[in-house]
1. Would you pick out the residues in the stretch 87-99 that are without any contact (Cβ under 8 Å) to a residue 60 or more places away in the chain and either open to solvent by less than 30 Å² (accessible area, probe 1.4 Å) or among the small types (G, A, S) (or both)?
2. From the list I170, I145, which residue is under 22 Å from A64 (Cβ atoms) and either touching a residue at least 40 places away in the same chain (Cβ under 8 Å) or touching a Lys or Arg at 6+ places or on another chain (Cβ under 9 Å) (or both)?
3. Please determine, by comparing only the residues of the stretch 174-210 that are part of a loop (DSSP other than H, G, I, E, B) and under 25 Å from P76 (Cβ atoms), which one is most open to solvent (accessible area, probe 1.4 Å).
4. Could you look through the stretch 141-159, keep only residues that are open to solvent by less than 60 Å² (accessible area, probe 1.4 Å) and small (G, A, S), and pick out the one that is farthest from the chain's Cα centre (by Cα)?
5. Considering the stretch 28-61 alone, what residues qualify as being assigned to a loop (DSSP other than H, G, I, E, B) and within 25 Å of S138 (Cα to Cα)?
6. Which numbered condition in (1) open to solvent by less than 70 Å² (accessible area, probe 1.4 Å); (2) touching a strand residue (DSSP E or B) at 6+ places or on another chain (Cβ under 9 Å) is the only one that K54 fails?
7. Would you please name the residue that is surrounded by the most Cβ atoms within 10 Å (Cβ to Cβ), looking only at residues in the stretch 62-86 that are among the small types (G, A, S) and not in a loop (DSSP other than H, G, I, E, B)?
8. May I ask you to list pairs of residues, at least six apart or on different chains, whose Cβ atoms are under 8 Å apart, with the first in the stretch 14-41 being in contact (Cβ under 8 Å) with a residue 24 or more places away in the chain and the second being of a type in the set (S, T, Y) and in a strand (DSSP E or B)?
Amino acid sequence: SGAIKLGGEKKTATIFFSDIRNFTAMSESLSPDQVVSMLNEYLTEMVKIIYKHKGVVDKYIGDAIMALWGVPNGTPDDTRNAVLAALEMREKLAELNKRRERRGQPVIQIGMGIHTGPVLAGNIGSEQRLEYTVIGDSVNQASRIESFTKELKTDLLISEQAFSLVRKTIVVGPVLSIAVKGKSESLMVHQVIGHKDAKGTLHTTLSKSQ
């Protein structure tokens, strides 16, 4: 329709990364058919939730998901929608793991990271194949945040920048400082506990995810 410009444009986006823990080790104990079946079942459930909360799946990177809110068109609720999607993914994964346990299959554990910041969005690639995506330090930060979930023994972390946009409805733990290789300043993140509804009631499935 021409709504997406060729080349790049500066945007503010919320970037989400998720990754299956110990995927390589899990894959070695399963047949190729079992690995594909596991991924398809897992990704189907997770992607439904991303789209339900108005996000866009940018790409799959093996077992990882990169999703975006705010591009090509943004809303004031982008960051909140991303966090609500991650919280629902936490809940859906617990349900999925119950089914897997009943089938005698290993459970799936994931890490999720969210960051909001400036990106360059546009069609990137070659003349033969273009892909609309985002690049920039904000993307790298979201990926780093996700990678630290394992070290910090949690499943969902958001940056201080993202939390500043959702602090009225999203409940988090104390701010944590992460030293990032190649960066002079530490990365400030929060563990996400849950969200408050219109009545101020906290909803959380944190205990079910650990």
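The values are calculated or read from the model by the stated rules, or taken from the named source; none is laboratory data. Keep in mind the model is a prediction, meaning the values are calculated, not measured. In this analysis, Cβ positions are derived from the backbone assuming ideal geometry, glycine residues included, and neighbour counts consider all displayed protein chains. These accessible areas exclude ligands, DNA and RNA; they are computed on the full protein's heavy atoms, side chains included. Shrake-Rupley method; radii C 1.70, N 1.55, O 1.52, S 1.80 Å.
1. Kept after step one, since they are without any contact (Cβ under 8 Å) to a residue 60 or more places away in the chain, are these residues of the stretch 87-99: 88, 92, 95-99.
If the condition is that a residue be without any contact (Cβ under 8 Å) to a residue 60 or more places away in the chain and either open to solvent by less than 30 Å² (accessible area, probe 1.4 Å) or among the small types (G, A, S) (or both), then L96, N97 are the ones that fit.
2. Exactly one residue qualifies, and that residue is I145.
3. Going residue by residue through the stretch 174-210, those that are part of a loop (DSSP other than H, G, I, E, B) are 174-175, 179-186, 197-201, 204-205, 210.
So of that shortlist, the ones also under 25 Å from P76 (Cβ atoms) come out as 175, 197-201, 204.
Values: V175: 74, D197: 56, A198: 115, K199: 186, G200: 44, T201: 67, T204: 71 Å².
Looking at the filtered set, the residue picked out is K199.
4. The initial filter retains those residues of the stretch 141-159 that are open to solvent by less than 60 Å² (accessible area, probe 1.4 Å), namely 141-143, 145-146, 148-149, 154-159.
Add one more test, that the residue is small (G, A, S), and what stays is 142-143, 159.
On the way: A142: 8, S143: 9, S159: 12 Å.
Going through the qualifying residues, I end up with S159.
5. Within the stretch 28-61, the subset assigned to a loop (DSSP other than H, G, I, E, B) is 29-31, 53-55.
Within the stretch 28-61, H53, K54, G55 meet the criteria.
6. So K54 meets the others, but not (1).
7. Of the residues in the stretch 62-86, the ones among the small types (G, A, S) are 62, 64, 67, 70, 74, 82, 85-86.
From the residues that got through so far, the ones that are not in a loop (DSSP other than H, G, I, E, B) too are 64, 67, 82, 85-86.
Numbers: A64: 16, A67: 26, A82: 31, A85: 24, A86: 27.
Per the stated criteria, the residue is A82.
8. T14/T116; I15/T116
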